[in-house]
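The structure appears right after this line, and notes come after that.
The values are calculated or read from the model by the stated rules, or taken from the named source; none is laboratory data. Computed from a predicted structure; not experimentally measured. Glycine gets a Cβ as well: all are built from the backbone with ideal geometry, and neighbour counts include every protein chain shown.
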Amino acid sequence: MKVSLNLIRKYIDLPEGLTDEQIAYDMTLRTVEVDEVENIKQKFHDIVVGKILEVKEHPNADRLRICNVDIGEAEPVQIVCGGSNLYEGEYVVVSKPGAEVVWHGQGEPVKVSKTKMRGEVSCGMICAASEVYLGDFYPDENETEIIDLKGFECKPGDNVADLFGMTDTVLEIDNKSLSNRPDLWGHYGIARELSAIYDVPLKELQEFNIERDLPKYNVEIKDTEKCNRYIAVEIDGIDNRKSPMWMQSLLSKIGQRPINAIVDITNYVMFAVGQPLHAFDKTHVSGEKIIVRNAENGEELLLLDNNTIKLTTDDLVICDERDAMGLAGIRGGKKDSILPDTKGIVLEVANFSADTIRQTGKRFAEKTDAAIRYEKGLDTQRVKEGADLALRLIKEIFPESRIIKYTDVYPNETKKNKIKVSEEFLDTRLGKKIPQEKIKQILTSLGYELSYKNGEYDITVPTWRSTGDVTIKDDVMGDIARILSFDSFEAKPITITFEHSVKQNDVLLERRIKEYLAERCGFYEIFTYPWIEEKYIKSAGIDMEKSIKLATPPAPDLAYLRSSLIPAMLEAISKNLRYYDEFKLFDYEEVYKKGDYRPSSNDEILPIQNNYLTGCIVGKNAKEIFYEAKGVIENMARYCHMEEIKLEKIEKPSWADINAYLNITKNDETIGTVGLLSVKVMTETKIKRTNVAIFEINCDKFVPYASRTNEYEKLPGLPLVEKDLSILANEEITWKQIEESIKSKVKEVEFVDEYRGNQIPEGKKSITLKVKILNEGTTMTSEQINERINSILKVLDKKCGAKLREE
Amino acid sequence: MKEKLEQIKAKGLEQIKNVKTIAELEEVRKELTGKKSELSEVLKSMKDLSPEEKKSTGMLATEIKKSFENTLQLKEEEIIDSMSVLDEPIDLTLPGKKVAGGALHPITQMKYDLNDAFLSLGFEVYSEDDISSEKYAFDNLNFAKNHPARQSMDTYWIEGTEEKEGTDRLCLRPHLTGGSVRYLLKHGAPARFVYPGEVYRNETTDARHERAFFQYEALIVDKNISFSSGIVMIQTILEKVFGRKIKTRMREGFFPFTEPGYEIDMECLVCGGKGCKVCNHNGWIEVMPGGVIHPNVLKSANLDPEVWTGFYINIGLDRLVMMRYGVDDVRLFHSGDLRFLKQFK
């Protein structure tokens, strides 16, 4: 909403010496956010009145004229102009070099400079209205017409801004910050805030005296729940004249195009006091009766833009005796326009329930200014204020007009809320003691009435804040705090009582896992969206039956929410392959599955939601990356300080290679998988010329240790004897069998290397292992060592059929 | 005899001087001080001399030997000092060997930094699940029945529940605040906790808008505290993020779950508060909303608003990271793009 400080000054005397920027800042801190401070006159610099002394033909152009113009300087200047309405003695608008104008009324302003047009010097421009921000005043302007200032009292050199009342500062207020304040949708409400901020009095709105014994206009409110008040005034002696310059300029400045006096008055009143109103041509109201009722199901209404809409019983319509004329509080129908031949009007000033307006308003993409105000919840008292201001303005602009009939139907009055607020409450919540006088000043300026007794304020909330805005003492405290400015309260230190230290093992575990992967294992963390593109879910072979879907997804193929992190990881892999051959990624997020999960209360049943971790290693050598991924899982428990997890081959996940996968288990429960991505999945997701090892685990199954679990073992007195053995074994023999077979004979056994190649017979493999033997008591002789090694080899032969490789 | 010795000495010292390597040095050492050295030969031929001569020549010879030994010692040290373990030239400008890559997501980094700061103030870390219900996301938080955020234009409702209401109408949480009531229901008051997380809104995306974004929220609930303590939390966050004190201001704001509510702006770091394009020429950037917990929210958490009060602050992590590093497209955070992620250490 745009706020004219000139109009604000009609309602309060702002303190002297206050800059417009300061006003904007103070309002931003205390009331609403001011987005922009626009100095209107600034736009008109170097745009002045000129008097055409002479008009000559242009030697080189048919449509251009050469004008000699007095612009109030020592010498007249020559200006080339294509205007169709140039004549000698005409007063025109001249933009001098340096002025900023909008070429042909379109685009950003451009700086005017001295130039030559077809060989003739031109010191500036004679302007059309739209070129100098005055288009609102000349709605019928022809493209080639320039402004003719006939009728204005002016002399050459005068700044044009003054002629059109464009001397003002306009504050652009962020409408979002007004959403909870129905009282601020008019200048008077903003003025009230400023009166509280600066402690200056707010002028009262003037009443308009209606003759006592006027006949009543016939108004029937059929649905009194939805229409709280309806003032109808029949006025004769109206015509289609324009509104006075001051009103046109005010409307133009706040973004409203002036139309004719009656429409302008309704707009002006709405922006001044926040009360929407509507004028019907009285001859359009059949039967001289207005009926406010629910629409019938299927009833149709022809709108001003010639669109017909179908109504339901939820919509409230304004009707005459025959049919609906408009949607209450939202927009008028085709039937009720003010036309050039309008002689009399019926003025509607009404209050409709916010819910009704909001409900019906949803039908339209764009909200009208009236609807925006009504749906916030206006007080009914404002109806009279709006009517009074409108009638005063009509009397002023149409001195010959007469009020014929007047009705005020008033089924529901906005009641003032009453709140008790203790001084103690204010002191503690505000964090400091505010003098009673100050509290009284702030609240009274905002329209509250209050009395104080025994440490307690008895507070009556003004009607304009009683439509839902202020209901509890906290609201009152908030008003005091913000007018004082939140910024004026010193930061109070937060005191801590140490009952116990914060130790949350699950929170710490998540962090340890992420840091383990990122810092120790070299993975990059990614975040993915919870909605997954269907093709990746299908490629991964994930069962979509168990998945949760969105009602209104971001895109049609993004309806499914993840039940696994694998599909999103596939997408990330395939995208990154454009730039990298080898990389490691992980993603730690929640996945969702249909089920019964009640985290907070029994009445709320949510889908099952678990923290999952997935990671991938992308590289050429499939075996290498598989073992690397396996290593990441094997070492996770140790480095992340959690209970042991195990790896065993139980069941192949849909996305894994037929041979290379292992399930991750904890206490015999499968909690995840690690494996190579299958050829099928890679083909479908266009992962080419590389391999991917991937793992996925349900991290909610992890059990963190409460503290570190290191164990100390006394250092051996003598060094271990180490010996590398290369053995030949059949392909079917696994490392695990080898390890198990000799475990009891050695202190430690380590895998070193596996080899297949020329020197190795078909169907066999060479395995190198390192055995460590503990010296028993004393240093062993080489015979003793050989004896031990031989016994190890014997076991290997017996249990695994493995023999020492001949070198 | 003496002249001979002096000659040996001069020659020997000259020899040592010209030595270049340890091997040569050993060679020379043998030649000068070994059993077959000239010096030894001289000493052997001393038997023909008189006792006095013997004595003085002997002393001189010993002195020369000592001198050789000392000089050799110095030479050896000199050679060792000038030796390198390398037997070929080294290009010091070649890059060092890479250490394992990998990094936490910049959002996670920021989150952990903030967690550390809040842990030091005695806050717990809490997290609510992604999918919540209308009751917890809106009803509990004092959102009006017809609040626009409840519409599907704003919130992602779960298919099959969108026409229901309360606990039966499920959604991807549109904000973190619902979690505050869950925590309070579980743990009661007094309480102080942070609850970072991801939230979801039905929006059109562009460089500054996302459908999924990260927030960081903190709440204190206690007896007799003033909203002005909230400023301390804000300062904590900003100081942690930017490494120094940042100028802030608190201004009027409105949220259904607060009364009063406020917006916190920080000084624009691009222009230092003078006004620039980034801050829309007013010198301030809106960073976080906050406010005093609304009595109706306390009631939802089964807490008596006459006894308890508290305040929230909420900060957009995406926005903070963007400001911190000058990231110009919020969508990068969900891109999984390593070209982006590798920039964060």
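Miscellaneous remarks
- Answer residue from the stretch B:126-163, given it is facing chain A (nearest Cβ under 8 Å) and part of a helix (DSSP H, G or I) and is surrounded by the fewest Cβ atoms within 10 Å (Cβ to Cβ) among those: B:Lys135
- Any chance A:Thr356 is surrounded by fewer than 21 Cβ atoms within 10 Å (Cβ to Cβ), modelled with pLDDT under 95, farther than 17 Å from A:Leu214 by Cα and out of contact with any Cys (no Cβ under 6 Å at 6 or more places or on another chain): no
- A:Ile330 buried (at least 23 other Cβ atoms within 10 Å of the Cβ) and over 22 Å from A:Asn218 (Cβ atoms): yes
- Taking the listed residues A:Ile513, A:Ile459, A:Ile442, A:Ile526, the one that is surrounded by 20 or more Cβ atoms within 10 Å (Cβ to Cβ), at the interface with another protein chain (Cβ under 10 Å from one of its Cβ atoms) and in contact (Cβ under 8 Å) with a residue 12 or more places away in the chain is A:Ile526, with no other qualifying.
- Enumeration of residues in the stretch A:639-660 that are among the acidic types (Asp, Glu) and either farther than 20 Å from A:Glu628 by Cα or surrounded by 13 or more Cβ atoms within 10 Å (Cβ to Cβ) (or both): A:Glu643, A:Glu651, A:Asp657
- In the stretch A:578-590, residue surrounded by the fewest Cβ atoms within 10 Å (Cβ to Cβ) [restricted to those that are facing chain B (nearest Cβ under 7 Å) and not in a strand (DSSP E or B)]: A:Tyr579
- Residue within the stretch A:557-570 that is in a strand (DSSP E or B), in contact (Cβ under 8 Å) with a residue 12 or more places away in the chain and assigned by TED's automatic domain parsing to the domain that holds A:Gly631 present: yes
- If you go through the stretch A:399-424 and keep only what is under 30 Å from A:Tyr452 (Cβ atoms) and surrounded by fewer than 13 Cβ atoms within 10 Å (Cβ to Cβ), you end up with A:Lys415, A:Lys418, A:Lys420, A:Glu424.
- A count restricted to the stretch A:462-493 and to residues that are surrounded by fewer than 18 Cβ atoms within 10 Å (Cβ to Cβ) and more than 7 Å from chain B (Cβ to nearest Cβ) stands at 4.
- Test result for A:Lys334, without any contact (Cβ under 8 Å) to a residue 24 or more places away in the chain and farther than 25 Å from A:Tyr188 by Cα: no
- Hits in the stretch A:102-131 - residues which are closer than 23 Å to A:Asn142 by Cα, under 47 Å from the mean Cα position of the chain (by Cα) and part of a strand (DSSP E or B): A:Val110, A:Met125, A:Ile126
- Checked across the stretch A:639-646, the condition of being under 11 Å from A:Ile694 (Cα atoms), touching a Phe, Trp or Tyr at 6+ places or on another chain (Cβ under 9 Å) and in a strand (DSSP E or B) holds for no residue.
- Members of the stretch B:72-109 that are of a type in the set (A, V, I, L, M) and within 14 Å of chain A (Cβ to nearest Cβ): B:Val99, B:Ala100, B:Ala103, B:Leu104, B:Ile107
- Per the listing A:Lys593, A:Lys575, the residue uniquely part of a strand (DSSP E or B) and either within 12 Å of chain B (Cβ to nearest Cβ) or closer than 29 Å to B:Gly101 by Cα (or both) is A:Lys593.
- Per-region count, the stretch A:38-59, residues of a type outside the set (Val, Ile, Thr), within 15 Å of A:Lys96 (Cβ to Cβ) and in contact with a Ser or Thr (Cβ under 7 Å, 6 or more places away or on another chain): 1
- Tabulated pairs, the stretch A:420-437, first more than 10 Å from chain B (Cβ to nearest Cβ) and closer than 18 Å to B:Ser229 by Cβ, second part of a loop (DSSP other than H, G, I, E, B) and of a type in the set (A, V, I, L, M), C-beta under 7 angstrom, 6+ apart or interchain: A:Leu426/A:Ile434
- Breaking point among (1) assigned to a helix (DSSP H, G or I); (2) at the interface with chain A (Cβ under 9 Å from one of its Cβ atoms); (3) among the hydroxyl-bearing types (Ser, Thr, Tyr), for B:Ser180: (2)
- Selection status of A:Ser654, farther than 14 Å from A:Val692 by Cβ, in a loop (DSSP other than H, G, I, E, B) and in contact (Cβ under 8 Å) with a residue 60 or more places away in the chain: yes
- Residue ID - surrounded by the most Cβ atoms within 10 Å (Cβ to Cβ), chosen from residues in the stretch A:1-37 that are of a type in the set (S, T, N, Q) and part of a loop (DSSP other than H, G, I, E, B): A:Thr31
- Of all the criteria given as (1) assigned by TED's automatic domain parsing to the domain that holds A:Leu29; (2) surrounded by fewer than 19 Cβ atoms within 10 Å (Cβ to Cβ), the one not satisfied by A:Ser177 is (2).
- Verdict on A:Ser726 being polar (S, T, N, Q), surrounded by fewer than 20 Cβ atoms within 10 Å (Cβ to Cβ) and either in contact (Cβ under 8 Å) with a residue 12 or more places away in the chain or within 18 Å of A:Ala622 (Cα to Cα) (or both): yes
- Inter-residue pairs, beta-carbon under 9 Å, first closer than 13 Å to A:Val674 by Cα and not assigned by TED's automatic domain parsing to the domain that holds A:Leu561 and in the stretch A:606-623, second of a type outside the set (D, E, K, R) and assigned to a strand (DSSP E or B), 6+ apart: none
- Residues within the stretch B:291-306 that are in contact with a strand residue (DSSP E or B) (Cβ under 6 Å, 6 or more places away or on another chain) and either assigned to a loop (DSSP other than H, G, I, E, B) or modelled with pLDDT under 90 (or both), tallied: 1
- Selection of the stretch A:189-243 for residues being closer than 19 Å to A:Asp320 by Cβ, among the hydrophobic types (A, V, I, L, M, F, W, C) and under 36 Å from the mean Cα position of the chain (by Cα) yields only A:Cys227.
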